[in-house]
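The values are calculated or read from the model by the stated rules, or taken from the named source; none is laboratory data. None of the values given here were measured: they were computed from a predicted structure. Backbone-built Cβ (ideal geometry, glycine too); neighbour counts: all protein chains shown.
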Amino acid sequence: MEFINCAIDFDQQENQIGTLANTVYIRTIADYHIKDDPNSLIKNVFHPESVSALLYSKCWIDTIQWHLEDEIRRIDLDPQQCLLIKRRIDKSNQDRTNIVEVIDDYFLRQYSKVKPLENAKINTESPAWALDRLSILALKIYHMQAELDRNDTSAEHAAACSLKLETLLEQRVDLCKSINELHHDITIGAKRMKVYRQIKMYNDPNLNPVLYNSKVNS
């Protein structure tokens with residue numbers, strides 16, 4: 001798959017953060033599929049202090065998890081293998097949440113000098129969570145294209161995949177545009193950036209009753 005030059009970063013692409021993120025995601029997914037191995041180590045190609053580096057790391061986590069989710073559905077896995085993969089998926093979910101919050105922290109710093117207008121609205125999600133959806137969409141597009149490119153399927157399968165791919169591509173255009181507009185609205189004060197930290201109860205030994213009850217009974 002092709003991707004355009006990603007060297008330009010956030011500061012040089014005002015109001016185009018959705019477009020930039022999509023480019024980084026395409027690069028990330030292509031890099032992963034060089035080896036196509038969930039045990040591959042990340043080699044982030046961007047400057048460590050750039051938003052592109054954060055987006056690359058975020059999409060790498062999503063890409064690894066995508067393939068773990070495929071793997072755990074194999075019918076020939078024994079219970080121990082399933083458990084190990086499920087544990088990796090649980091950790092990946094937490095890593096995904098953590099890096100989304102780091103990305104939101106980046107945007108909070110970017111917008112720190114913006115004074116919201118008196119009638120500024122709050123968006124349904126923060127910029128980073130919108131970018132999270134764009135990362136998953138990039139993965140869907142990559143793998144739907146791979147299905148369409150198969151030469152061992154029926155014409156019906158190809159036609160169905162083609163229709164789905166068309167929908168996904170339309171969604172990507174709309175989502176990129178919406179993210180670009182959200183960034184613009186925040187920078188001019190028309191929208192207020194407000195972040196709620198995710199509260200994951202299932203990973204917390206003090207909030208998951210299965211975990212704290214088992215601790216008491218042990």
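Suppose we filter segment 165-205 for residues that are more than 20 Å from the chain's Cα centre (by Cα) and surrounded by 14 or more Cβ atoms within 10 Å (Cβ to Cβ); how many remain?
8
Can you spot a residue in segment 24-47 that is aromatic (Phe, Trp, Tyr) and modelled with pLDDT under 95? Explain how you work it out, then say what you get.
From segment 24-47, those aromatic (Phe, Trp, Tyr) are 25, 32, 46; that's our starting set.
Applying the additional criterion that residues be modelled with pLDDT under 95 yields 46.
Yes, that holds for at least one residue.
Only residues that are touching a Ser or Thr at 6+ places or on another chain (Cβ under 6 Å), modelled with pLDDT of 85 or more and either farther than 10 Å from Ser126 by Cα or not in a loop (DSSP other than H, G, I, E, B) (or both): list them for segment 178-207, please.
None - no residue of segment 178-207 is touching a Ser or Thr at 6+ places or on another chain (Cβ under 6 Å), modelled with pLDDT of 85 or more and either farther than 10 Å from Ser126 by Cα or not in a loop (DSSP other than H, G, I, E, B) (or both), so the list stays empty.
Taking only segment 107-117 into account, find how many residues are at pLDDT 95 or above and not hydrophobic (A, V, I, L, M, F, W, C).
Of the residues in that region, 2 qualify.
Looking only at segment 137-154, decide whether some residue is in contact (Cβ under 8 Å) with a residue 60 or more places away in the chain, in a helix (DSSP H, G or I) and either over 30 Å from Arg87 (Cα atoms) or over 22 Å from the mean Cα position of the chain (by Cα) (or both).
For segment 137-154, residues in contact (Cβ under 8 Å) with a residue 60 or more places away in the chain, in a helix (DSSP H, G or I) and either over 30 Å from Arg87 (Cα atoms) or over 22 Å from the mean Cα position of the chain (by Cα) (or both): absent.
Could you list, in sequence order, all residues of segment 56-92 that are among the polar types (S, T, N, Q) and either touching a residue at least 40 places away in the same chain (Cβ under 8 Å) or more than 29 Å from Val45 (Cα to Cα) (or both)?
Initially, segment 56-92 is screened for residues among the polar types (S, T, N, Q), giving 57, 63, 65, 80-81, 92.
Ser57, Thr63, Gln80, Gln81, listed by residue number.
Only one residue in Thr97, Thr19, Thr63 is of a type in the set (S, T, N, Q), crowded, with 21+ Cβ neighbours inside 10 Å and assigned to a helix (DSSP H, G or I). Which one?
Numbers: Thr97 fails: crowded, with 21+ Cβ neighbours inside 10 Å; Thr19 fails: crowded, with 21+ Cβ neighbours inside 10 Å.
Among Thr97, Thr19, Thr63, only Thr63 is of a type in the set (S, T, N, Q), crowded, with 21+ Cβ neighbours inside 10 Å and assigned to a helix (DSSP H, G or I).
Residues of segment 100-133 being touching a strand residue (DSSP E or B) at 6+ places or on another chain (Cβ under 6 Å) and either surrounded by 14 or more Cβ atoms within 10 Å (Cβ to Cβ) or assigned to a helix (DSSP H, G or I) (or both), which ones?
Restricting attention to segment 100-133, the residues satisfying the condition of being touching a strand residue (DSSP E or B) at 6+ places or on another chain (Cβ under 6 Å) are 116, 120-123.
Hits for segment 100-133 are Pro116, Ala120, Asn123.
As an exercise: evaluate Gln65 against (1) closer than 20 Å to Leu182 by Cβ; (2) under 19 Å from the mean Cα position of the chain (by Cα) and give the number of the one condition it does not meet.
(1)
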